[in-house]
Structure formats: C-alpha cells, structure tokens
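Visitor: Just dropping this structure here.
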Amino acid sequence: MEDSKRKKIIKKVATVFVVVLLLLTFFSNTIMNYSLPEVATEPVTVGTVSNKVRGQGPVETNTDIEITVSGKRIVKEVKVESGDEVKKGDVLFTFEEGENTELDDAEKDLEAKELAYAKSLLKMAPDYTEDNIGIKDAKDDLKQAIDDQEAAAKTDKALKKAQKEQTQIAKDMAALQARIDDLQTKSDAYKEIGDYDALVTQLAEDEKAMKRLKEDLAIAQDSGESTLEITRSIEDKQAEIDKEKKQIDALKSSKTVKTDLATATASMDTLTKKKEANDAEITKLSEKPTLAAAKAAVKDKKKTLESLVRALDKRKEEDSLTAKSEAMDNEASQKEIEEQKEKINELKSKNDIKEIKAEEDGIISEISVKPGDEIAADTPIAKLQLADSGYIVKVSITKPQSKLIKVGDEATIENIWDDSVSASVKSIKVDTENPNQKMIVTFEVKGDVKVGETLAFSVGERKNRYDAVVPNNAIKEDSKGKFVLVLKVKGTPLGNRYTVKRADVEVQASDDNSSGVTGGVYEYDNVITNSSKRLENGMQVRLVE
C-alpha cells in the first residue's frame, strides 16, 4: 500500500518536473528571442531597373584658350593663379633672357635662299668652249644633287610616317592579342563546364526532385513531423539547380565567345599582313640615301660650280648685259645669304619676348608651369576660360555608365529648380587620368548660373532586366566593397531559427528604389532592409512581428 502511494507521488513529482522544465525551456527561448536584433526583409526578385546616370561638377566657361609661347623659354615669374579673373592686356608670365623663337624660321629661310641660289647658278650659260664642258657637267651634277635632295626629303617624310604606323600597328596587335588570349581562356573554360543537353536533362530532373521535396515538406509540416532534414535537402537541391542554371547560361554565352574569337583571329591575320607590308616599306625606305647626305652633296656640288664660274668670270672682261645681270643677281643672292646668316647670329644672341599678356577677358582655369621651368616651343603653359562663351560642367563616370547615355541627351539638374536653366550632353570622352575605367561627360548648360557653382545632374532613362533586383536600402558598403545581408532559415524543434549571411555584390544599375546586382544573391533570397541593431555575419536575429 505504501509502495503504491510512493510510486504515485514519484510519478506526480516527475510530471511536475517535466512540465516545469518545458516551461523554463519555452520561456528561456522566448526571452532570448526578444533580446535578438529585430530585422525587416524583402525578397530578391527578377525585374527591370531604370539606368539613370548621376554626377556633379563645377560650372566652367565653354571656351578655353591655350596660352603658349614660341621658342624655348625659362619662366621667370608667374603673375596669376588658377581661378584669377584677368582683363585683356594683363601680364600673365615673364621669362628669362633666352633664345629668340624666330630662329627656326630664320634658319629655314636661309636654307631656302641657299637652295634658290644653287638653282639660279643653273641659269648661267657661259659661251666659252674650254670651260663650257666643265661648267655643264658641274650644272648636271648640281641639278642631280638637288633632285636627289628633294627625293630624299620625300623619302624621309615617308619613312617617319611608316615608322609611326609601325608603332601603332604594334600597339593594335598587342591589344588584339590580349583580347584573343582572353577569349581563348573563356572558350577553354566553357569546354570544361560539360555537355549542354546533359545539363538541361539534369536540371529538369532536379527541378522534379525539388517539387517532390517541397511536397514532402508540406506533408511533414501538416503532420507535425520534424522538417529539418527535408529543409536541408531542399537547400542542397536548390544549390544544385542554381549551379546548373549558371552552367547552362554560360554554355549559351560560349557561342558569342567563339564568334568573337574567330573575328579577332581574322583581324589579327589582317594586322599581321599589314605589319609585314609596313616592315617591307620601312626596309625599302631605309636603304635609300638620307636627307643629310643629300644636303651635303648639294653643298659640295654648289661649291664646285661656283669655283668654275668664278674662274670663268675672271677671264670674262667683256660680256653681254644679260651675263652681267645674272652675275649681279648672283651677287645679290650671296649678299642676302650673308645678311640672313648675320640675322641668325643676332637671333641666337638675344631674346625679344620677355612676357605674355592676356589676349581676352576671362578666368585662368589651369597653370602648368612654375618659376624656373624650362618650356619647349609652342608648349601650352596655361588655359584661359573666355567670358561670355556659355557654360559647361565636366563629370567623371564609369565606362559601363557611359554606354547608357549619348550626345544630345537632355539632363535633369537636381539641385536647381529654375526652369530657365537647362543642360544636355555635349560630349563623352575617355578620362586621360584613368582611361581604362573612367569617361568624362561634358554637359552644356544654358541659363543663369555662375562659374564655380556645383551642379548635380541625372541623365538616361533606359530600362534593363536583371536576374537579381534588391531594394537600395538593402545594399551596404565597407572597406571590402558592397554587400547585402541575406536572411538564412534553419528549422528546429522549437521553431525556425534566423541568421544573417553576408553576400558580396556588384551593382550593375540603380534607380530611386532598386538596384540590379550580381554576386552571391539570387532570386527567392530574402535580404535585410532594416534592423534594430548593428548586424554581423552569422549573427542570429528575429523577424519583425
């Protein structure tokens, strides 16, 4: 009897213990859940995003004048700074004493006078039997030397042009070879993916299996059975399906790669033939006499003819007026040559240009020299923005963004609400400071604006379709780049457990609400758009109730 009572008491105590334990477990989980960060999510979708390009920059005048100085100079003083407003006639730069910039022109004039004088000697027709043969031969030699000099000048010009083409062909071939190598690598990579038909068949089978797993999950949930294993199987199967879809898409892209590779290879063959022809032309031109040698020959033949003519003149005490006139002309030419030589010597010893003044009213937008700098002839040393020439704004954008707009597109000025101010795309050019990644868009601005004022633009309204579209407030950024936080679900006997997983992404396009992205996020994922606390990768969270 006592044993029976004792067993009943023990049974009641055990029951109470189990109930208390369950209650404690339930409340402890409930308390822990309420201490977790609370998050709101939105699903990743497939959809379109309006590709609107945005940027901002300072207002500039529409016309820049490059300020240059002829001849080699050394800067003595810079009297203005970038941004200064100047008037016509204001002194901008002063220079040290140096070479006169007229020197090159004077030397070219001397060369022309000497060549003209050499040709004038050919007009002489002495009528003296003994000396006539020698003078005639000297004339023929000089004429041939002059013809050779003119031919050598053309050859020199053609050789420089061919050498320039050779350099450009080498650059083009290097760039094309890099593209061929890249396409070949991609083509080889596609071959390793597998058979397209087999992947399509496997995808169909896996999708059927996924359907069956979801049906099993629904049955298990209805019957109250554990869904942990089925949920894991669904996640694994989904990963396989996603991988197979990517492989199928890649194999579809392989056709384009093969076509591009064939086109690039054909272009390389064309460039190779062009290079061979260019090399042959350079070899041919290089074998011809040089311009320097031809000039030396003219000078030598001219001296020989002059010597013969002077010897003849000594014996000519009486000559026709024509002969005397030709002799006087030759003397005049010689005098001009001597005077030109004296002028060159004077130019070498002095420098007439000591300062540069502003030619128009405007604003100094750029200065590229400082006191003490030595500048070559015709080198730009500053830029002057002309007043009353209209306004422009230059904005740096990425190369992918530049493909979304075109010259002539109307732009919206987002920080000015005056309807009289308008803007449009004037030009799209490569950014010389970062030519591989950036482009410079120049906006033409009309209306009441001021130089230096910052304007913010948006342009382009084209829509493209993306496999993963997320809300803009789901995209975060740190030192490693842009990312989103994906909500991961894990079933437990006490309910679902939610954790955070970081997924690095690359933003392809954005509008006011959404962004198309690529990376570690896919359709059907849920991304976190808001949280009550700062989140970290792997942290457990709870959903907004």
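Visitor: If you take the residues in segment 121-142 that are modelled with pLDDT under 85 and acidic (D, E), which one is nearest to P289 (Cα to Cα)?
Guide: This residue is D137.
Visitor: Can you confirm whether A145 is at pLDDT 80 or above, part of a helix (DSSP H, G or I) and not assigned by TED's automatic domain parsing to the domain that holds E374? Show your work before the answer.
Guide: Working: at pLDDT 80 or above: yes; part of a helix (DSSP H, G or I): yes; not assigned by TED's automatic domain parsing to the domain that holds E374: yes.
It is true that A145 is at pLDDT 80 or above, part of a helix (DSSP H, G or I) and not assigned by TED's automatic domain parsing to the domain that holds E374.
Visitor: Ok, one more. Would segment 490-505 turn up any residue that is touching a residue at least 24 places away in the same chain (Cβ under 8 Å), within 24 Å of I397 (Cβ to Cβ) and part of a strand (DSSP E or B)?
Guide: yes
Visitor: Additional query: List every residue pair whose Cβ atoms lie under 7 Å apart, where the two residues are 6 or more positions apart in sequence or sit on different chains, the first residue falls within segment 453-469 and is on the phi > 0 side of the Ramachandran plot, and the second residue, located anywhere, is surrounded by fewer than 16 Cβ atoms within 10 Å (Cβ to Cβ) and at pLDDT below 85.
Guide: none
Visitor: Which residues, taken from segment 459-471, are modelled with pLDDT under 90 and closer than 12 Å to S510 by Cα? Explain how you work it out, then say what you get.
Guide: Of the residues in segment 459-471, the ones modelled with pLDDT under 90 are 459-466.
If the condition is that a residue be modelled with pLDDT under 90 and closer than 12 Å to S510 by Cα, then G460, E461, R462, K463, N464, R465, Y466 are the ones that fit.
Visitor: I'm trying to understand the selection: among the residues of segment 470-484, which are in contact (Cβ under 8 Å) with a residue 40 or more places away in the chain and out of contact with any Ser or Thr (no Cβ under 8 Å at 6 or more places or on another chain)?
Guide: Quick first cut of segment 470-484, residues in contact (Cβ under 8 Å) with a residue 40 or more places away in the chain only: 470-475, 484.
Listed by number, the list holds a single entry, V484.
Visitor: Related question: Pairs, please: C-beta under 6 Å, at least 6 apart or cross-chain, first residue within 16 Å of K79 (Cα to Cα) and in the same structural domain as F93 (by TED's automatic domain parsing) and in segment 360-384, second outside any strand (DSSP E or B) and acidic (D, E)?
Guide: Close Cβ pairs satisfying both conditions: I364/D84.
Visitor: Here's something else I'd like to know. Which condition number does D448 fail, the rest of (1) assigned to a loop (DSSP other than H, G, I, E, B); (2) acidic (D, E); (3) modelled with pLDDT of 85 or more being met?
Guide: Checking D448 against (1) assigned to a loop (DSSP other than H, G, I, E, B); (2) acidic (D, E); (3) modelled with pLDDT of 85 or more, the one that fails is (3).
The values are calculated or read from the model by the stated rules, or taken from the named source; none is laboratory data. Quick caveat, the model's predicted, so the values are computed rather than measured. So basically every Cβ, Gly included, is an ideal-geometry build from the backbone, and we count neighbours across all protein chains shown.
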